[in-house]
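Worksheet: the structure to be examined is printed underneath.
The values are calculated or read from the model by the stated rules, or taken from the named source; none is laboratory data. Everything numeric in this text was worked out from a predicted model, so none of it was measured. Positions of Cβ are generated from backbone atoms using ideal geometry, with glycine treated the same way; all protein chains shown enter the neighbour counts.
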Amino acid sequence: MLVLHSHLPYLKHHGEVWLFEAMAETYVPLVMTWSRLLAEDIHACVTISLSPTLIQQLASEYIRTGFVQYLKECEKKARWDERHYLAVGEQELARVAQDYQRFYQEVRRSYQVDLGGDLLGAFKHLRDRVPLEIITTAATHSYLPLLKDQSGLERQIAMGKASFARHLGFEPRGFWLPECGYYPGIEEILTQHGFKYVFVDGHAIEGGLPAQAFSGPYGLSEVEVFSETGLSTYSPYIVKGHELKVFGRNAMISRQVWSKDNGYPGDPHYREYHKKAPQSGLKYWRVTDRGLDQSSKLPYDRGRALQIAGQHAGHFVKLVDDMLKEAEKMGYPDPLVVACYDTELFGHWWWEGVDWLEEVARQVVEKDNWHMVLPGRVLSQRSLLSSANLFESSWGAGGKHLGWSNNETSWMWETLAKAREELSRGEGPLSKWGERAQQQAIKELMLMESSDWFFMVTNNYTRDYAIKRFLEHYAKLIRLTSLVKLNRFDARDQSWVMKIEQEDKVF
Amino acid sequence: MKVLMLSWEFPPMVIGGLGRHVDELSRCLPNFGVESHVLTPRVNGCLDNECHAGTHIYRIGTPMPNKDFRPWIFGFNSELIKKAVHLYHFLDGFDLVHAHDWLVGYAGRSISRVLNIPLVTTIHATESGRNRGLHTPIQQEIHDIESNLIRESDHILCCSNFMCNEIISLFDVDSKQVTVIPNGVNLNPYADGRGNEEQDLSQYGIEPDDQVIFHIGRLVPEKGVEVLIGAFARVADERPRAKLIIGGRGSQTGQLKAMAADLGLTDRIVFTGYIPDEIRDMIYCRADVAVFPSIYEPFGIVVLEAMASGVPVVVSDAGGLSEIVSHGETGLKVARGNEQDLARAMLLITSDFQKANRMRLKAVQMIKEQYNWNRIADMTSQVYFRVSGRAKKDGVLK
């Protein structure tokens with residue numbers, strides 16, 4: 001089972017390049033690849049999670065227009081680069097620049113012509129024709145185990161689902177727990193909102209050492225060891241005492257793709273993510289040797305990289321093959337291997353990732369002893385599931401909450417609590433403007449709750465942007481709640497509220 | 001005009017010159033038509049709200065902790081935002097927000113954007129300047145925060161041409177965006193007692209007929225104290241009654257004491273450790289010369305304090321120091337890091353009393369004219385009026 005979780009925080013009006021990059025490098029190529037497979041009658045089952053913040057942005061006219069503009073600019077940059085590299089006699093780099101021009105042209109053509117400028121429509125269209133299951137996640141992708149606030153939780157789940165249904169026209173059955181963050185007690189509310197199943201990291205079911213035990217800036221002493229349960233991710237379960245079903249992420253398969261050190265994306269022939277051309281920001285080099293500094297990187301050779309991607313796909317399929325045989329030997333009838341990844345890994349971070357996915361799909365079709373499956377179908381075929389108690393857990397560093405809750409982020413959780421307090425103080429009936437401001441304040445709170453800011457601050461990854469965004473939404477929330485309390489909106493206040501409604505129109 | 005001022009330090013909690021600067025500035029601003037509202041961290045034992053003639057102090061959040069400074073300062077930024085927005089509605093708006101250094105940068109940026117008022121930022125020092133380059137991820141991060149704060153500010157203030165050049169080259173800003181306004185200094189209340197040799201410094205082993213050479217500052221490499229000790233070793237033989245008082249503390253304390261011992265000057269060099277302002281002023285009144293041989297100095301408030309106490313000064317040609325002192329007129333200036341020149345200057349000033357006297361009187365005059373807080377508040381208010389687009393009532397600015 002292949003599960004791709006697609007999410008970006010709300011970037012509209014706050015610097016959209018990150019979103020455009022993911023659209024150009026991941027979403028459009030992915031949709032086009034699956035359409036191509038379909039045309040060849042290859043029905044590759046894939047579960048796609050679309051976060052409500054991503055959905056809203058992909059649907060927005062502003063983003064759709066901006067994206068085309070972005071693609072044109074990238075093409076222009078690649079053209080400058082080509083001229084520059086030809087002028088200085090860098091033939092290999094000039095060829096890569098030519099590839100980029102073709103790439104951006106192709107993406108633009110696909111987006112505007114084949115997809116009609118509508119990525120959401122394209123996903124929906126695919127779903128009608130190939131075995132594709134689309135699920136969703138929390139409204140602003142908040143880290144649910146630490147939300148610890150019933151009305152906030154309700155909002156994250158209900159508003160996320162409503163937004164999904166409004167844009168996609170059907171109700172999602174699966175729920176992607178943001179960051180695989182699970183805590184006992186969340187089942188009830190998910191079931192109430194019609195969700196049938198979730199995904200957790202392997203150790204939530206199996207116990208043992210979490211897959212991400214040693215990533216991040218933490219020592220072993222901070223990593224919790226979960227007691228072994230004897231259960232396995234080869235099978236889905238029903239959460240003990242509840243109706244909710246659960247799939248566990250297969251740790252080994254995940255590591256093979258994700259791991260910085262042993263995973264596929266670190267191969268010397270793949271494109272290097274971090275080295276950029278000084279003017280255009282485009283990437284012309286290959287990983288070469290991860291120990292080398294940026295100046296010693298060699299030019300990228302796409303042909304060679306694609307060969308490697310093919311080999312890696314073969315390796316991956318063989319790995320799953322062996323794993324399934326092993327599982328059968330261990331006595332699991334009809335074992336299941338659940339592979340969950342961030343969608344943006346493919347294409348955006350790992351440039352050859354979409355090609356790799358395509359090759360995996362092609363090779364799996366050839367298999368007669370196993371095939372790709374969808375969660376909904378698996379559950380309908382297996383009527384009798386064992387029940388399991390799950391550990392409070394996530395797929396982050398240490399296997400629990402460290403990646404979002406630590407010394408660097410303690411002040412953010414405190415600020416969030418204060419923001420919630422401000423919000424709950426409004427009393428009595430509100431005027432029309434009071435109601436608008438109150439609704440917008442709730443959206444600002446939810447934007448603060450995005451797990452992205454906490455992750456970025458923890459890992460010092462564009463931390464300045466994360467802190468700025470977090471505090472800016474807080475400032476808006478404080479101003480909105482102050483206005484609600486004063487319940488006095490002069491012309492200046494009204495136009496400000498309208499401006500913020502447009503700026504942070506997350507739902 | 002109403003200005004919201006953000007400062008992470010404020011008297012009585014003062015770490016460096018920033019807190020004093022904000023204090024004096026906010027007190028003088030009302031003289032120029034600016035009502036100032038200062039937001040600063042809570043201090044145990046201090047009133048949360050104070051108000052004197054057009055200056056309002058609000059102490060908010062939690063007091064500075066002994067550890068975990070970073071989470072605290074970001075949390076403090078969120079407190080600043082909350083208080084600022086509440087005050088904004090309570091006081092019917094502000095015309096401008098003025099942030100001091102990166103520590104309140106996030107609050108300054110958010111407040112400016114969300115309340116739609118201009119942001120003026122004073123950069124008192126830069127991370128890169130303080131460390132002479134960026135060597136650690138934390139230094140790089142602070143540099144990035146400074147850079148984004150500067151980019152989002154409507155106008156930048158700094159205290160010297162040296163700092164102005166540093167900001168322009170480090171952050172690639174337009175020189176029109178930066179205004180140099182010096183720091184101010186008050187005249188030493190003890191200055192009248194100058195020449196009264198009875199200032200009793202016996203607690204530091206100073207005898208009545210000793211010549212006193214004084215240095216004060218944090219004991220860190222950028223202040224060049226090892227150059228001073230080296231130079232003093234050359235002076236010591238020729239001036240048998242000369243003693244060097246080194247005030248302040250810092251990472252170099254042990255190393256500097258060892259250096260003094262190696263040179264056999266233990267009984268001639270006094271390390272006082274931290275000195276309260278009052279004692280400092282007393283030492284100034286007794287000192288024959290004050291020496292500041294800094295390697296990096298964005299402004300150099302210390303030399304102004306020495307001058308305001310009527311002490312002749314010897315400084316290095318670093319940054320702000322170099323701009324304040326004109327050689328041979330208001331003090332002596334020597335090349336950075338040059339022991340021999342520094343020794344020669346100290347010998348000159350402790351022998352040519354007439355020249356020393358002439359220079360120190362001239363320096364006092366200059367302090368009164370150029371570095372008084374009213375002049376600085378006046379210059380700052382002009383920037384406020386210009387940036388906020390408000391004409392000053394008396395018509396000085398249109």
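So, in segment A:461-470, of the ones that are in contact (Cβ under 8 Å) with a residue 12 or more places away in the chain and either of a type outside the set (Val, Ile, Thr) or more than 9 Å from chain B (Cβ to nearest Cβ) (or both), which residue ends up nearest to residue A:13 (Cα to Cα)? Steps first, answer last, please.
Applying the first criterion (in contact (Cβ under 8 Å) with a residue 12 or more places away in the chain) to segment A:461-470 yields A:465-467, A:469-470.
Restricting the remaining residues to those that are either of a type outside the set (Val, Ile, Thr) or more than 9 Å from chain B (Cβ to nearest Cβ) (or both) gives A:465-466, A:469-470.
Values: A:465: 13, A:466: 15, A:469: 11, A:470: 15 Å.
Checked segment A:461-470; the qualifying residue nearest to residue A:13 (Cα to Cα) is A:469.
Sort out which residues of segment A:141-168 are assigned to a loop (DSSP other than H, G, I, E, B) and either under 29 Å from residue A:36 (Cα atoms) or aromatic (Phe, Trp, Tyr) (or both), and write them in order of number.
A:143
Name the single residue that is nearest to the other protein chains (Cβ to nearest Cβ) among those in segment A:423-433 being of a type in the set (A, V, I, L, M, F, W, C) and either without any contact (Cβ under 8 Å) to a residue 60 or more places away in the chain or surrounded by fewer than 15 Cβ atoms within 10 Å (Cβ to Cβ) (or both).
Residues of segment A:423-433 of a type in the set (A, V, I, L, M, F, W, C): A:423, A:430, A:433.
Those still in the list that are either without any contact (Cβ under 8 Å) to a residue 60 or more places away in the chain or surrounded by fewer than 15 Cβ atoms within 10 Å (Cβ to Cβ) (or both) too: A:423, A:430.
Working: A:423: 13, A:430: 17 Å.
Among residues in segment A:423-433 that are of a type in the set (A, V, I, L, M, F, W, C) and either without any contact (Cβ under 8 Å) to a residue 60 or more places away in the chain or surrounded by fewer than 15 Cβ atoms within 10 Å (Cβ to Cβ) (or both), the one nearest to the other protein chains (Cβ to nearest Cβ) is A:423.
Taking only segment A:442-457 into account, find how many residues are within 12 Å of chain B (Cβ to nearest Cβ) and either farther than 18 Å from residue A:397 by Cα or over 17 Å from the mean Cα position of the chain (by Cα) (or both).
So the count comes out to 3.
Of a type outside the set (D, E, K, R), without any contact (Cβ under 8 Å) to a residue 60 or more places away in the chain, buried (at least 23 other Cβ atoms within 10 Å of the Cβ) and not assigned by TED's automatic domain parsing to the domain that holds residue A:133, is that true of residue A:481? Break it down stepwise before answering.
Details: of a type outside the set (D, E, K, R): yes; without any contact (Cβ under 8 Å) to a residue 60 or more places away in the chain: yes; buried (at least 23 other Cβ atoms within 10 Å of the Cβ): yes; not assigned by TED's automatic domain parsing to the domain that holds residue A:133: yes.
Here the answer is yes, as residue A:481 does meet what is asked.
Scanning segment A:16-61 for residues that are among the acidic types (Asp, Glu) and part of a helix (DSSP H, G or I), which turns out modelled with the lowest pLDDT? Before the answer, list the steps.
Going residue by residue through segment A:16-61, those that are among the acidic types (Asp, Glu) are A:16, A:21, A:25, A:40-41, A:61.
Subsequent filtering for residues that are part of a helix (DSSP H, G or I) retains A:21, A:25, A:61.
On the way: A:21: 98, A:25: 98, A:61: 95.
Here the residue is A:61.
Considering only residues that are in a strand (DSSP E or B) and either within 14 Å of chain A (Cβ to nearest Cβ) or not hydrophobic (A, V, I, L, M, F, W, C) (or both), which ones fall in segment B:49-61?
Restricting attention to segment B:49-61, the residues satisfying the condition of being in a strand (DSSP E or B) are B:49-52, B:55-60.
Matches in segment B:49-61: B:49, B:50, B:52, B:55, B:56, B:58, B:59, B:60.
Looking at (1) within 24 Å of the chain's Cα centre (by Cα); (2) more than 14 Å from chain A (Cβ to nearest Cβ); (3) without any contact (Cβ under 8 Å) to a residue 24 or more places away in the chain, can you tell me which one residue B:121 breaks?
Failed condition: (3).
Return yes when residue A:436 is among the basic types (Lys, Arg) and within 12 Å of chain B (Cβ to nearest Cβ) and no when it is not. First the steps, then the outcome.
On the way: among the basic types (Lys, Arg): yes; within 12 Å of chain B (Cβ to nearest Cβ): no.
No; evaluated as a whole, the condition is false for this residue.
Please state which one of A:331, A:314 is over 30 Å from residue A:72 (Cα atoms), of a type outside the set (D, E, K, R) and free of Cβ contacts under 8 Å to residues at least 40 places away in the same chain. Even if it seems obvious, please write down each step before you answer.
Working: A:314 fails: free of Cβ contacts under 8 Å to residues at least 40 places away in the same chain.
Just one listed residue meets the conditions, A:331.
Given the condition touching a His at 6+ places or on another chain (Cβ under 9 Å), assigned to a helix (DSSP H, G or I), small (Gly, Ala, Ser) and within 10 Å of another protein chain (Cβ to nearest Cβ), answer yes or no: does some residue in segment A:482-500 qualify?
yes
Name the residue that is nearest to the other protein chains (Cβ to nearest Cβ), counting only residues in segment A:363-413 that are outside any loop (DSSP other than H, G, I, E, B) and under 17 Å from residue A:145 (Cβ atoms). Can you show your working first?
Restricting attention to segment A:363-413, the residues satisfying the condition of being outside any loop (DSSP other than H, G, I, E, B) are A:363-365, A:375-381, A:387-388, A:393, A:397-399, A:410-413.
Adding the requirement that they be under 17 Å from residue A:145 (Cβ atoms) leaves A:393, A:397-399, A:410, A:412-413.
Numbers: A:393: 25, A:397: 18, A:398: 19, A:399: 23, A:410: 5, A:412: 8, A:413: 10 Å.
If we take residues in segment A:363-413 being outside any loop (DSSP other than H, G, I, E, B) and under 17 Å from residue A:145 (Cβ atoms), then A:410 is nearest to the other protein chains (Cβ to nearest Cβ).
What residue, among those in segment A:117-140 that are in a loop (DSSP other than H, G, I, E, B) and at pLDDT below 95, is nearest to residue A:451 (Cα to Cα)? Quick ask: steps written out before the conclusion?
Taking segment A:117-140 as the starting set, the residues that turn out to be in a loop (DSSP other than H, G, I, E, B) are A:117-118, A:130-131, A:138-140.
Checking the rest, the ones that are also at pLDDT below 95 come to A:130-131.
Values: A:130: 32, A:131: 30 Å.
My answer is A:131.
Being assigned to a helix (DSSP H, G or I), more than 10 Å from chain B (Cβ to nearest Cβ) and among the basic types (Lys, Arg) is the requirement here; does residue A:420 meet it?
Numbers: assigned to a helix (DSSP H, G or I): yes; more than 10 Å from chain B (Cβ to nearest Cβ): yes; among the basic types (Lys, Arg): yes.
Judged against the criteria, residue A:420 is a match.
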